[in-house]
Amino acid sequence: MPFEFAGIRTLEGTHADSGLFNGFYLGGNLGGIQHHVQTSFPSIDWTVNVKDSSLNKKTAYDSLVYGLHAGYGHNFSGFYLGLEVNLEQDTSRQKATYDIETIKTGAVSYQYPTKLTTQYQRGLVLGVAPRIGAVTANDNLLYLKCSLGMSRDKVEAYHAWQEVNVRGFIIPGSGACKTVSASKRQIVFVPGIGYERAFGSMVIRLEYNYNLGAKVKTPCLMENTMPKDTLATLQYSAHVIKAGLSYQFQPKGLVIF
């Protein structure tokens with residue numbers, strides 16, 4: 001009896017320390033993103049009495065996100081610690097167009113209606129994230145995730161203006177337009193929280209992340225005619241909700257009931 005009792009205790013202890021959420025895993029995810037892009041553009045002084053106001057506006061839009069994730073974790077009797085790598089891409093190609101207000105002083109009969117169209121496009125994102133959490137009822141995991149996301153992001157801006165007389169007619173031959181673009185490698189902090197449920201070797205997850213954002217500036221849009229730089233600045237941030245499915249590779253010799 002002492003030998004049998006000791007054997008049962010050993011098996012129970014091994015199962016508790018080496019249960020679910022141990023070892024390597026591989027999976028995919030699909031979800032949605034709410035993007036926020038803040039566009040800033042300086043004022044333009046056309047003449048002493050006519051200028052365009054500065055622009056500082058935010059646009060929100062939605063898109064899908066999809067990707068792969070892989071990692072390793074260990075369940076220390078209910079305390080979970082792991083490291084995850086992921087590749088993600090979103091489907092956003094959204095552009096925003098803004099009408100810039102013309103400010104006139106004095107007896108001015110003409111104006112310069114201006115439009116600015118911008119786009120912020122994220123590249124393929126490589127993320128690395130430690131995960132820390134708690135395992136409850138042996139097959140539920142609540143975790144926190146602190147990811148660093150690396151990507152090459154691209155911005156584009158289109159600026160167009162025309163001269164309009166007092167009757168609202170466009171003066172022939174007036175105006176100009178220009179399109180500029182820029183790309184920048186970004187490293188962004190993306191905290192998150194998630195829940196996983198294990199069904200044997202299959203694990204489903206639901207996760208929320210907040211992308212704290214990155215900033216990219218365009219080249220000058222009117223560099224040959226203005227005494228100051230007229231570049232657009234785009235600031236990006238996002239809320240992300242995604243669901244995933246993973247396969248957990250169980251440690252050799254482990255049998256899960």
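The values are calculated or read from the model by the stated rules, or taken from the named source; none is laboratory data. All values reported here derive from a predicted model rather than from experimental measurement. Don't worry about glycine lacking a Cβ; one is built from the backbone with ideal geometry, like all the others, and counts go over all protein chains shown. Heads up: the accessible areas ignore ligands, DNA and RNA and are worked out on the full protein's heavy atoms, side chains in. Shrake-Rupley method; radii C 1.70, N 1.55, O 1.52, S 1.80 Å.
Take segment 59-118 and flag every residue that is of a type in the set (Val, Ile, Thr) and open to solvent by less than 10 Å² (accessible area, probe 1.4 Å).
Selection gives 65, 114, 118.
Please determine, by comparing only the residues of segment 173-195 that are of a type in the set (Ser, Thr, Tyr) and assigned to a strand (DSSP E or B), which one is farthest from residue 212 (Cα to Cα). Show your work before the answer.
We begin by selecting, within segment 173-195, every residue of a type in the set (Ser, Thr, Tyr); these are 174, 179, 181, 183, 195.
From the residues that got through so far, the ones that are assigned to a strand (DSSP E or B) too are 179, 181, 183, 195.
Details: 179: 28, 181: 23, 183: 19, 195: 21 Å.
Filtering segment 173-195 for residues that are of a type in the set (Ser, Thr, Tyr) and assigned to a strand (DSSP E or B), the one farthest from residue 212 (Cα to Cα) comes out as 179.
For residues that are part of a strand (DSSP E or B), within 29 Å of the chain's Cα centre (by Cα) and surrounded by 14 or more Cβ atoms within 10 Å (Cβ to Cβ), tally how many sit in segment 35-56.
Filtering segment 35-56 for residues part of a strand (DSSP E or B) gives 35-41, 44-45, 50-52, 55-56.
Subset that is within 29 Å of the chain's Cα centre (by Cα): 35-41, 55-56.
Subset that is surrounded by 14 or more Cβ atoms within 10 Å (Cβ to Cβ): 35-41, 55.
Qualifying residue count, segment 35-56: 8.
If you scan segment 121-146, which residues turn out to be open to solvent by less than 10 Å² (accessible area, probe 1.4 Å) and within 14 Å of the chain's Cα centre (by Cα)? Spell out the reasoning first.
Going residue by residue through segment 121-146, those that are open to solvent by less than 10 Å² (accessible area, probe 1.4 Å) are 127, 129, 131, 141, 143, 145.
The answer is 127, and nothing else.
Test each condition in (1) part of a strand (DSSP E or B); (2) modelled with pLDDT under 90 for residue 108 and report the one that comes out false.
(1)
Restricting attention to segment 178-208, which residues are without any contact (Cβ under 8 Å) to a residue 40 or more places away in the chain, exposed (fewer than 12 other Cβ atoms within 10 Å of the Cβ) and over 20 Å from residue 146 (Cβ atoms)?
The one that is without any contact (Cβ under 8 Å) to a residue 40 or more places away in the chain, exposed (fewer than 12 other Cβ atoms within 10 Å of the Cβ) and over 20 Å from residue 146 (Cβ atoms): 185.
Go through 118, 91, 39, 114 for me and flag whichever is within 18 Å of residue 244 (Cβ to Cβ) and polar (S, T, N, Q). First the steps, then the outcome.
Working: 118 fails: within 18 Å of residue 244 (Cβ to Cβ); 39 fails: within 18 Å of residue 244 (Cβ to Cβ); 114 fails: within 18 Å of residue 244 (Cβ to Cβ).
Matching residue, one of 118, 91, 39, 114: 91.
I'd like to check something: does segment 157-172 contain any residue that is in a strand (DSSP E or B), β-branched (Val, Ile, Thr) and surrounded by 19 or more Cβ atoms within 10 Å (Cβ to Cβ)? Before you say what the answer is, go through the steps one by one.
First, pick out the residues of segment 157-172 that are in a strand (DSSP E or B): 157-161, 164, 170.
Right, trim to β-branched (Val, Ile, Thr) and you get 164, 170.
Right, trim to surrounded by 19 or more Cβ atoms within 10 Å (Cβ to Cβ) and you get none.
Within segment 157-172 (the criterion being in a strand (DSSP E or B), β-branched (Val, Ile, Thr) and surrounded by 19 or more Cβ atoms within 10 Å (Cβ to Cβ)), the answer is no, since none of the residues qualifies.
Hey, residue 134 hits all of (1) under 27 Å from residue 199 (Cβ atoms); (2) aliphatic (A, V, I, L, M); (3) at pLDDT below 90 but one; which does it fall short on?
The single condition residue 134 does not satisfy is (3).
Could you look through segment 58-104, keep only residues that are farther than 19 Å from residue 154 by Cβ and outside any strand (DSSP E or B), and pick out the one that is modelled with the lowest pLDDT?
101
Which residues, counting only those in segment 178-227, are hydroxyl-bearing (Ser, Thr, Tyr) and modelled with pLDDT under 95? Let's see the steps before the verdict.
Going residue by residue through segment 178-227, those that are hydroxyl-bearing (Ser, Thr, Tyr) are 179, 181, 183, 195, 201, 208, 210, 218, 225.
Selection gives 179, 181, 183, 201, 218, 225.
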